[in-house]
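The structure appears below as structure tokens.
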Amino acid sequence: RFEFLCQRKPRLLVLVYFLHRIGRVPSTSMWERGELKLNSTLRVLALDTVMSACSTALCEGNRVLASRRELMRYGHAEAIIPMVSAVMESAGKSFSDLDAIAVTRGPGTFTGLRIGLSAAKGMAVASRLPIVGVTTFEAIANAVGEEELCGSSLLVVISSKTRVFYAQIFTCLL
């Protein structure tokens, strides 16, 4: 079931969709200063380095403008920044066009977490953008449509290299 969900909607794209669906937006002070409008469509750069792939996507609302994903066991640190550059170039956008940076915050590999969070933090500080963290569980669970989940529960299980299992139960996400 886990592989099926990931194949249906890549985890990173689900992450961005999840951000918009639950209404997580950049800081309240940005709204108060008028830097973002209530009816604006958020442009989010999303990063994922926590498991066996390195992924990045640039989304506007629920639409993916550009994305890159590469399966890899090692080398996330060397791959993430060139992937971000390729995605930004492919979409024809710059960091000044973004509203936020999203990153998966685990569970996942310790090194993968550090790489993704460090890359997101560095880009956010340099471009003065807010960061939104989403758990790996939330991103995976959101691959299941609302109509499939309502009235039932979903158990998301992730295994580690040391054969430890991490799990979270979700119910209707309405």
Please compute the modelled spin-label separation between Glu78 and Ser159, points set 7 Å along Cα→Cβ, answer in nm with one decimal.
2.9
Please arrange Leu154, Leu71, Leu47, Leu65 by accessible surface area, largest first, computed with a 1.4 Å probe and ligands excluded.
Leu71, Leu65, Leu154, Leu47
May I ask you to compute the full-extension gain from Ala86 to Ser52, defined as 0.36 nm times their residue separation minus their alpha-carbon distance, rounded to one decimal in nm?
10.2 nm
Accessible area of Lys121 in the full protein assembly, 1.4 Å probe (Å², nearest 10):
120
With no solvent and one point on each alpha carbon, what is the Debye value of log10 I(q)/I(0) for segment 76-174 at q = 0.18, 0.24 Å⁻¹?
-0.96, -1.19
How would you order 76-86, 49-59 from highest to lowest mean count of nearby Cβ atoms within 10 Å?
49-59, 76-86
What is segment 97-146 by shape, rounded, prolate or oblate, if you read a ≥ b ≥ c off the alpha carbon gyration tensor as root eigenvalues and call it rounded for a/c under 1.5, prolate for a/b larger than b/c, and oblate otherwise?
oblate
Burial order of peptide ranges 161-168, 133-140 (average beta-carbon count within 10 Å, highest first):
133-140, 161-168
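State, to one decimal in nm², a quarter of the convex hull surface area for the C-alpha atoms of segment 32-135, i.e. the direction-averaged projected area.
Working: hull surface 26.1 nm².
Quarter of the Cα hull surface area: 6.5 nm².
The values are calculated or read from the model by the stated rules, or taken from the named source; none is laboratory data. Note that the coordinates shown come from a computational prediction; the quantities given were computed from them, not determined experimentally. Cβ: placed from backbone, ideal geometry, glycine included. Neighbour counts: every protein chain shown. Calculation scope for accessible area: heavy atoms of the full protein, side chains included, ligands and nucleic acids excluded. Shrake-Rupley method; radii C 1.70, N 1.55, O 1.52, S 1.80 Å.
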